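Taking it in order: structure first as structure tokens, then the write-up.
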Amino acid sequence: MFVELLDKLRCPHTHEDNPLIATTAVTFERYIVEGTLGCSVCLAEYRVHKGAMDMEGNFPVPALTPELLSEEESTRRAALLGLDERGGLYLVDLLGRYSIPAHLAISPDSQFVAMSVMDRQEHAVMSICGRPDTLPFAAACMRGIAFDIDVPVSLLQSAVNALAPGGRLVAPADTAVPPGVEEIARDDRSWVAQRVATPVLNVIRRASR
Ligand SMILES: [Zn+2]
């Protein structure tokens, strides 16, 4: 886990927005290899082990087919996420991890978080082992998030919150598009939605209805 990502991490539990504090046992270059990420509000602790953040939640292990690992699939994912030369922080799901090297080749200034992986993805700035119900990220810090399968509503909502205005959310076609994003494209497998530019106002409007 890349040390400089720390200021973008937040406790995923429901309470005030609180940064996670790292206690490191082993670091290598600017990566935390072994340590703990702790919340000072609810005292939750997340272990960093072999470079990956351990989070609760089971995740399905996909059947890997040659098509899912193809160059075509990487190109499709890059297009859905709208990767470009501007760079930014992106989160990819369990199959998306295999596209990270190809994504970095076309968008070298971008950084990728790999979620729901069994072990550290060496090209990712952060790997999350497990499939949490809520993403551990600060509001508006990401340019794109692509889910492959099985996205609970809470996970989808936390993804919307983590997206910067204009950021893209990609999810399977059978997932309902959550509030806070506008659908911009869809095919039989996925939809792509964009974070609306006035997130705070929308939240207030929803709350006052
Ligand atoms: Zn907490």
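No value in this document is a laboratory result; all are computed from the given coordinates. None of these values were measured; they are calculated from a predicted model. All Cβ positions, even for glycine, are placed from backbone atoms using ideal geometry, and neighbour counts span all protein chains on display.
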Using modelled backbone amide H atoms (1.01 Å from N, in-plane), which distant-in-sequence or interchain residues come within less than 5 Å of Val33's amide H? Val26, Thr27, Phe28
Hey, in the GNM for the chain with a 10 angstrom Cα cutoff, which one of Pro60, Pro165, Pro108 fluctuates hardest? Pro60
Neighbourhood charge, 15 Å Cβ-Cβ cut-off, centred on Val125 and excluding it, Lys, Arg +1 and Asp, Glu -1: 0
Could you tell me which residue out of Val151, Pro136, Cys42 lies farthest along the dipole of the chain toward its positive end? Charges go on the beta carbon: Lys and Arg +1, Asp and Glu -1, centred on the Cα centre. Cys42
Net +/- balance of residues flanking Val26 in space, Cβ distance below 11 Å, scoring K and R +1, D and E -1: 0
Apply the a/c threshold of 1.5 to the C-alpha gyration tensor of the stretch 48-112 and tell me whether it is rounded, prolate or oblate. oblate
What Cys residues in the chain are without a partner cysteine, judged by a Cβ distance under 4.7 Å? Cys42, Cys129, Cys141
Per-residue HN-Hα couplings for the stretch 17-31 [Karplus 6.51, -1.76, 1.60; θ = phi - 60°; Hz; x = Gly/Pro]: 4, 9, x, 8, 10, 8, 10, 9, 9, 9, 10, 9, 6, 9, 10
Most fluctuating residue given options Glu183, Glu72, Glu34, as computed from a GNM of the chain linking Cα atoms under 10 Å: Glu72
Compute the Kirkwood hydrodynamic radius of the chain, taking the inverse of the mean of 1/r over all pairs of distinct Cα atoms, and give it in Å to one decimal. 17.3
Show that you can apply the helix-only estimate: for the chain, add -39,500 (n - 2.57) for every DSSP H stretch of four or more residues, divide by all residues, and state [θ] at 222 nm to the nearest 500. -5000 deg cm²/dmol
Given charges of +1 on the Cβ of Lys and Arg and -1 on the Cβ of Asp and Glu, with all other atoms neutral, how large is the dipole of the stretch 71-208 about its Cα centre, in debye to the nearest 20? 520
Could you check which residue among Ile149, Ile100, Ile184 shows the biggest mean-square fluctuation in a GNM of the chain with a 10 Å Cα cutoff? Ile184
